[in-house]
Structures are given as structure tokens and as C-alpha cells.
Amino acid sequence: MKRALILSCVLVWALGPGSALAQIILPPGGSIFNPPPPAPPPPPRIEVPPIPKMDALPVSPSVRSTGRSSFGDRISTCLDEAAAAGLSQSDRAAYSRSCANTRN
């Protein structure tokens, strides 16, 4: 009798976890027909900045020349154009201000 009881307990114990492993664990409100969630994005790439050397000279950023003439040169050119067009003195002033601000 003891052997049969022990044998039945061993069989129940051996078959119990196997049937529990076959079950699918679903989140609340989930369905087995839902597609699997997408893979997580890759981790961000971390780059170590270069270490400055002791003897190296510091690098200064270069300044780009825009090629734009000075404001005084633009005003002079616009005043000459206005005079050549025959504008009055007050019209020349208004024209030169708007012309110098929009010209390269």
C-alpha cells in the first residue's frame, strides 16, 4: 500500500509540472491570435570623444567668408542707382535703405 501511494505521488508530481509548462501565459485581456510584440530598438551607440594630446595645438574653427560687401559699399551703390534712375532725394533715401538690406 505504501509503495502504491509513493508511486502515485511520484507520477502526479512528474506529470504535474509538464502540463503546466505546456500552457501559454497570456497577459490580461490578451489573445493567442495577437501578433508578437516588436523587438526592442537597439541600444544607443556610445562614442568616446578623442583625448587631446599634450603637445598638440588647439584647432580653431575656420570662418567662412560670405562674400557680402560692407554696408557702406552697398548704400553707395544703391544711392548711385537711385540717382541714375532720377529719383528725388527723399525717394533715394527710402530706396537705398531697402536696397542695401536686400542686396548681397
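For the chain, what does -39500 (n - 2.57) per DSSP helix run (n ≥ 4), summed and divided by total residues, give at 222 nm, in deg cm²/dmol to the nearest 500? Each step should come with its number before you reach the end.
Details: 3 runs with 48 residues, N = 104.
Helix-only estimate at 222 nm: -15500 deg cm²/dmol.
What number comes out for accessible area per residue over the chain if the probe is 1.4 Å? Units Å², please.
97
Could you work out how far helix 71-84 tilts from the main Cα principal axis of the chain, as a 0 to 90 degree angle to the nearest 10?
50
Taking a label point 7 Å from the Cα of F71 along the Cα→Cβ vector, which residues of the range 85-103 have an amide N closer than 11 Å to it?
Counting backbone N atoms under 11 Å from the label point, the list is 101.
Under the rule that a partner needs its Cβ under 4.7 Å from the first Cβ, which Cys of the chain have none?
C9
Given a Förster distance of 41 angstrom, what is the FRET efficiency for T102 paired with V59, based on the Cβ-Cβ distance and rounded to 0.05? Present the calculation step by step, with values, prior to reporting the outcome.
Values: r = 36 Å, r/R0 = 0.88.
Step by step, r from the Cβ atoms, then E = 0.70.
If I fit a long axis through the Cα atoms of helix 2-21 and take the longest principal axis of the Cα atoms of the chain, what angle between them do I get, 0 to 90°, rounded to 10?
20
If a/c stays under 1.5 just call it rounded; otherwise compare a/b with b/c (prolate if a/b is bigger, oblate if not). Do that for the chain, with a ≥ b ≥ c from the square roots of the Cα gyration tensor eigenvalues. Write down the numbers at each step before the final one.
Working: a/c = 11.94, a/b = 3.22, b/c = 3.71.
Cα axes put the chain in the oblate bin.
The values are calculated or read from the model by the stated rules, or taken from the named source; none is laboratory data. On a predicted model such as this, the values are computed, not experimentally measured, just so you know. Cβ atoms come from the backbone with ideal geometry, glycine included; neighbour counts cover every protein chain shown. With ligands, DNA and RNA removed, areas are computed over all heavy atoms of the protein, side chains included. Shrake-Rupley method; radii C 1.70, N 1.55, O 1.52, S 1.80 Å.
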